[in-house]
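For reference, the structure discussed in these notes is given below.
The numbers here are math on the coordinates, done by the rules we state, and not lab data. These numbers come from a predicted model, not from an experiment. All Cβ positions, glycine included, derive from the backbone under ideal geometry; neighbour counts span all protein chains shown.
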Amino acid sequence: MAHKKPDPTPTKPRHSKSIDLARFLEGIGSPEFMSFSLDPWQKEAIEKIRQGDVIVSVPTGSGKTYVAVEAARHAMNAEKTVLYTSPIKALSNTKFTEFSKIFGPDRVGILTGERRVNPYAEMLVMTTEILRNLLYDAASGEIDFRLDTLGLVILDEAQFLADPERGVVWEETIIFCPSQTRLLLLSASIGNPEELTTWMSSIRPSTCHLVRHDNRSVPLRSGYLHPNGSLTPLFKTLDTPTSPKEADLHPKTKHLFHIYEQNILGPRRPLRRS
Ligand SMILES: Nc1ncnc2c1ncn2[C@@H]1O[C@H](COP(=O)(O)OP(=O)(O)OP(=O)(O)O)[C@@H](O)[C@H]1O
Ligand SMILES: [Mg+2]
């Protein structure tokens with residue numbers, strides 16, 4: 001008898017009601033208007049990048065872009081080139097638009113597999129793979145003149161270092177980064193920032209400084225978006241547990257996981273009650 005082909009787009013589950021986005025985010029609200037003042041960690045990061053490499057490890061939505069912009073401004077004022085990398089083309093495009101508005105379109109360029117705008121600008125946005133390839137060329141003697149004046153490299157979303165497939169690109173970028181260049185790594189989720197700081201200090205000419213804090217300015221809500229479009233809370237509690245276990249999962253979500261697994265992998269085991 002032929003096996004039934006798994007359906008990759010499962011039908012709407014009958015027993016689980018989804019919640020809408022507004023209800024899911026209820027209670028978060030928006031902050032009161034107040035004049036902009038630097039957070040102490042931002043001040044510290046901006047000061048430390050003038051002395052050596054810096055790893056910023058602070059939660060999502062804390063304001064890491066501000067540190068990137070101020071570090072870039074300082075380097076560009078000293079007539080140095082700045083390279084900003086992100087792991088995703090879409091994010092590189094967004095940052096290109098953002099930085100062009102801040103510094104002016106003539107001073108910012110972008111180099112990805114698909115876009116090449118103003119490639120000799122003072123500040124260049126690119127994917128980390130493109131930068132790694134530039135550094136490879138420099139290491140093989142084919143010096144790209146941009147690297148002569150390279151003052152600052154910003155690696156955004158630096159947690160990609162731990163990615164099993166792409167992590168090597170970040171590792172090689174750090175290793176091959178010219179010695180006169182400052183490295184600024186930004187991330188909300190590096191698991192072992194102290195270890196990374198020690199490693200960078202051991203292979204780079206200047207001491208690497210770690211700037212970290214764990215206070216969330218934007219609360220975190222975890223949800224599960226089923227391929228059929230229904231949204232359910234991921235956990236039983238509104239707050240995300242620090243080390244989540246299966247028992248912490250919301251029963252609706254657990255049910256959806258089960259349906260999804262059955263649709264993709266075929267019938268396996270009955271749903272465990274908890
Ligand atoms: N000191 C500050 N006080 C209040 N708001 C700030 C401060 N610094 C930055 N912001 C604002 O916080 C928001 C989030 O900033 P940003 O995108 O830089 O966060 P992020 O740390 O890069 O987050 P992610 O991890 O998602 O990339 C922006 O709207 C920014 O203008
Ligand atoms: Mg960011």
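Mind giving me the FRET efficiency for E114 and Y66? R0 is 30 Å, r the Cβ-Cβ distance, nearest 0.05 is fine. The calculated FRET efficiency here is 0.60.
The slack between E261 and D248, meaning 0.36 nm per residue of separation minus the straight C-alpha distance, is 2.8 nm. Length available on full extension from A22 to F36: 0.36 nm per residue minus the Cα-Cα distance, which gives 2.3 nm.
Distance between the 7 Å Cα→Cβ label points at R73 and D148: 2.9 nm.
So if each residue of separation counts as 0.36 nm, and I subtract the Cα-Cα distance between T207 and K101, what length gain in nm does that give? Contour length minus the Cα-Cα distance gives 34.9 nm.
Applying the criteria of a DSSP loop state and at most 16 other Cβ atoms within 10 Å to the GluC sites (Glu not before Pro) of segment 12-120 yields E26, E32, E79, E114.
For the set K89/K252; K64/K236; K48/K95; K43/K89; K80/K101, the pairs lying more than 27 angstrom apart at their alpha carbons are K89/K252; K64/K236; K43/K89. Loop sites here are trypsin sites (Lys or Arg not before Pro) outside DSSP states H, G, I, E and B with no more than 12 other Cβ atoms within 10 Å. The longest part of the chain free of them is 51-244.
Sites listed here are GluC sites (Glu not before Pro) in segment 118-193 whose DSSP assignment is loop and whose Cβ has at most 14 other Cβ atoms within 10 Å: E142, E165.
Cα centroids of segment 211-255 and segment 21-57: 22 Å apart.
Secondary-structure-derived ellipticity at 222 nm for the chain, considering helices only, amounts to -10000 deg cm²/dmol, per-run term -39500 (n - 2.57) for DSSP H runs with n ≥ 4.
Helix 251-265 axis versus longest C-alpha principal axis of the chain: approximately 90°, rounded to the nearest ten. The value of relative contact order for the chain, using C-alpha pairs under 8 Å at least six residues apart, is 26 percent.
In a DSSP loop and with at most 13 other Cβ atoms within 10 Å, the chymotrypsin sites (Phe, Trp or Tyr not before Pro) in segment 37-121 are Y120.
In terms of its C-alpha gyration tensor, the chain has a prolate overall shape, because the principal axis ratio a/c (a ≥ b ≥ c, square roots of the eigenvalues) is not below 1.5 and a/b outweighs b/c.
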